[in-house]
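Working notes, structure below.
The values are calculated or read from the model by the stated rules, or taken from the named source; none is laboratory data. For clarity, every value in this text was computed on a predicted model and none was experimentally measured. FYI the Cβ positions are ideal-geometry reconstructions off the backbone, even for glycines, and counts take in every protein chain you see.
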Amino acid sequence: MPSRVRVWLNRTYAENVFFMDQLRRNPSDRAVEIHATHGDPDSPVLAAADTADLEPEGLSPAAYVEYALDQCARRGIDVFVPRLHQAAIVAHRSEFAAAGTALLAPTPEAVAVFEDKATAYEAVRSVGVPVPPWQRVRTADELIAAVTEFESAGHRACFKPAAGAGGVGFRMVTRAPFSLTHLNGFPGPYVQLDLVVEALRRAEEPVDWLVMPRLEQPEVSVDCLTGPDNRVRLAVGRTKNGRRRGFTLDERWLAPARLIAEGFGLHHLSNIQFRMLGDRPVLLDVNTRPAGGLHQLSLCGLNAPWAAVQLALGEDPGVIEPPFLGQDYTVVSGPRPLLPATLPRQRTDSADVLLPAVPAPVQAVAAAEVLPL
């Protein structure tokens, strides 16, 4: 009988409760035990795991690597899926391997390229992947000049941090004066240029933003599974157009995604996003980690998390084709259990803190699930 597999997810997104569910429902029926750590005691991933710890706060990247190595040794981790401090962790891959732990993460060089969006755009443009025009800005005057240039070319300008994930900090620029109209309904992504300029001029330090045209839908996120031999084993696009979601195998999206994944060492799971600039797809972003919506590929009969764990363990699943493309769907929220509110925070010198997988009493938190339209 195959031995159990111990998998650790550190400080990951709430949606990865579905990643964990898929690992347990793997087609081989191999036993999977999941360890989770997080800084938020109310993260649903802690309740979904077999064992869990609250992470120490305030650790430097180097200190976090030591903490992670200790977790792997004490917990008997076979596969570690790092999100927090990914760059520092992958730089110590050999030390984790010596502890018996495989990292489900790309090469250090790939993480470095895609940590900064401007560096990423330059790199992928050099291999022939179309990217949007952009300008890097740090001051109010640079912002005004960049916005004016893009507006003169007929674009709506937007900006986002040069480093970041999950759309945090993304704003679309408007020159309409602030009024009560902007206070109607829910807050939106638009921000008045004069308010941003005023805030920048009051700021004590420069920002690091990219200004670029607002790209149009559809947005296509290509989930890739790539081996350490730089060959893609799986590539499927997830489309988004308003509320409507779907899937695609159109080479307009998959071919440039494969080129990026294979050319830059995006080993294991990555997510490569595109949007439209006029009538052509251009790169939006590259995530060197599993996407929060990766579980949606289950609607195509795929279990990508398990295939990735197999690959990390050296059990090559081979090239994987979806047996079918699922129907269009939408994303809704549903309840997930939480751990009791009295969860103690772990210290680096403390004994193990073992937590139940299903707490009592059960509390609820919203997490993304998918339903057909």
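Cβ separations smaller than 7 Å between residues 6+ apart or across chains give the following pairs from region 306-318 residues that are farther than 15 Å from Ser270 by Cβ and outside the structural domain of Pro27 (by TED's automatic domain parsing) to residues that are at pLDDT 95 or above and assigned to a helix (DSSP H, G or I): Trp306/Gln22; Trp306/Leu23; Val309/Leu23; Pro317/Ala307; Pro317/Gln310; Pro317/Leu311. For region 42-61, the condition holds for no residue, the condition being that it is without any contact (Cβ under 8 Å) to a residue 60 or more places away in the chain, assigned to a helix (DSSP H, G or I), under 23 Å from Thr288 (Cβ atoms) and touching a Pro at 6+ places or on another chain (Cβ under 9 Å). Those strands (runs of 3 or more DSSP E) of region 216-332 in which 1 or more residues are within 24 Å of Ala87 (Cα to Cα) occupy 216-226, 232-241, 268-277, 280-287. Checking the stated criteria, Thr248 turns out not to satisfy the condition of being in contact (Cβ under 8 Å) with a residue 12 or more places away in the chain, crowded, with 23+ Cβ neighbours inside 10 Å and hydroxyl-bearing (Ser, Thr, Tyr). With respect to Asp29, determine if the residue is out of contact with any helix residue (DSSP H, G or I) (no Cβ under 9 Å at 6 or more places or on another chain) and surrounded by fewer than 21 Cβ atoms within 10 Å (Cβ to Cβ). Yes; evaluated as a whole, the condition is true for this residue.
For region 63-80, state whether one or more residues are closer than 20 Å to Asp223 by Cα and within 20 Å of the chain's Cα centre (by Cα). Yes, region 63-80 contains a residue that is closer than 20 Å to Asp223 by Cα and within 20 Å of the chain's Cα centre (by Cα). Kindly evaluate Ala36 against the criterion of being more than 17 Å from the chain's Cα centre (by Cα), surrounded by 19 or more Cβ atoms within 10 Å (Cβ to Cβ), hydrophobic (A, V, I, L, M, F, W, C) and not in a helix (DSSP H, G or I). For Ala36, the condition - more than 17 Å from the chain's Cα centre (by Cα), surrounded by 19 or more Cβ atoms within 10 Å (Cβ to Cβ), hydrophobic (A, V, I, L, M, F, W, C) and not in a helix (DSSP H, G or I) - is not met. Scan region 1-33 residue by residue and report those that are assigned to a loop (DSSP other than H, G, I, E, B), of a type outside the set (Phe, Trp, Tyr) and within 21 Å of Pro340 (Cα to Cα). Across region 1-33, the qualifying residues are Arg11, Thr12.
Only one entry in Ala87, Ala68, Ala62 is surrounded by 20 or more Cβ atoms within 10 Å (Cβ to Cβ) and small (Gly, Ala, Ser), namely Ala68. Quick check: is even one residue across region 111-128 farther than 30 Å from His92 by Cβ and touching a residue at least 40 places away in the same chain (Cβ under 8 Å)? Taking every residue of region 111-128 in turn, at least one turns out to be farther than 30 Å from His92 by Cβ and touching a residue at least 40 places away in the same chain (Cβ under 8 Å). Applying the condition of being closer than 20 Å to Ala307 by Cα and either assigned by TED's automatic domain parsing to the domain that holds Val90 or touching a helix residue (DSSP H, G or I) at 6+ places or on another chain (Cβ under 9 Å) (or both) to region 262-279 and asking which residue is surrounded by the fewest Cβ atoms within 10 Å (Cβ to Cβ) yields Gly265.
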